[in-house]
Amino acid sequence: MKRAIFPGSFDPFTVGHYDIVKRGLELFDEIIIGIGRNSTKRETFPIREREEAIKKIFADEPRVKVAIYDCLTVDFAKEQEAQFILRGMRCIGDFEYERNMAEANKQMAGIETVILYTRPEYAHISSTLVRDLYAYGKDVSSYVPNTLR
């Protein structure tokens, strides 16, 4: 079974991340979306709310699981017996960072990283922007997956 994790970055309120996971299902038998705990990061949505939203989005897709973790991504991948880490990129400016992370994952744990570009129609939508608009009570329905509308 080809299993991948999509770590820490999945935001249920942006279509770009949803698109990456849906396209990842064409490559992998199972994807585990990891919600990383980070005490220093500003959380607009509490972890449990995020977890429930992700489960709702993928309710009809049994190959997608959700797990909360508070360790290194490579350790989380090992715990989940994943052979791959799935990552998404919004723009070419993300490439160097993602390449460096992929090399580190390979050296630290022997885990391959698969990087998919966000489709162009979703690339301009940043998680931070959507969360900020949502926090101010703005309509963000055009930015979220259809399953949350």
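The values are calculated or read from the model by the stated rules, or taken from the named source; none is laboratory data. Every value quoted in this text rests on a predicted model; they were computed, and no experiment measured them. With ideal geometry, Cβ positions are generated from the backbone for all residues, glycine too; neighbour counts draw on all protein chains shown.
Restricting segment 68-80 to residues that are farther than 17 Å from Gln107 by Cα and acidic (Asp, Glu), the residue that is modelled with the highest pLDDT is Glu79. Residues that are buried (at least 19 other Cβ atoms within 10 Å of the Cβ), in a helix (DSSP H, G or I) and modelled with pLDDT under 85: does segment 33-52 have at least one? The answer is yes, given that some residue of segment 33-52 is buried (at least 19 other Cβ atoms within 10 Å of the Cβ), in a helix (DSSP H, G or I) and modelled with pLDDT under 85. Residue pairs whose Cβ atoms lie under 9 Å apart, sitting 6 or more positions apart in sequence or on different chains, and linking a residue in segment 92-106 that is within 17 Å of Thr118 (Cβ to Cβ) and surrounded by 13 or more Cβ atoms within 10 Å (Cβ to Cβ) to a partner that is modelled with pLDDT under 90 and among the polar types (S, T, N, Q), are Met101/Thr73. Comparison of Ile85, Ile20 shows that the only residue that is touching a strand residue (DSSP E or B) at 6+ places or on another chain (Cβ under 7 Å), part of a strand (DSSP E or B) and modelled with pLDDT under 95 is Ile85.
For the subset of segment 88-100 comprising residues that are of a type in the set (D, E, K, R) and in a helix (DSSP H, G or I), which member is farthest from the chain's Cα centre (by Cα)? If we take residues in segment 88-100 being of a type in the set (D, E, K, R) and in a helix (DSSP H, G or I), then Glu96 is farthest from the chain's Cα centre (by Cα). Selection of first residues in segment 55-82 that are closer than 23 Å to Glu26 by Cβ and among the basic types (Lys, Arg) and of second residues that are part of a loop (DSSP other than H, G, I, E, B) and modelled with pLDDT of 90 or more, restricted to Cβ pairs under 7 Å at least 6 apart or on distinct chains, gives the following pairs, ordered by first then second residue: Arg63/Leu25; Arg63/Asp29.
Considering only residues in segment 64-91 that are under 23 Å from Ala53 (Cα atoms) and of a type in the set (D, E, K, R), the one that is surrounded by the fewest Cβ atoms within 10 Å (Cβ to Cβ) turns out to be Asp70. One residue is enough: does segment 68-82 have a residue meeting the conditions more than 17 Å from Gly16 (Cα to Cα), in a loop (DSSP other than H, G, I, E, B) and of a type in the set (Val, Ile, Thr)? No, there is no match, as no residue in segment 68-82 is more than 17 Å from Gly16 (Cα to Cα), in a loop (DSSP other than H, G, I, E, B) and of a type in the set (Val, Ile, Thr).
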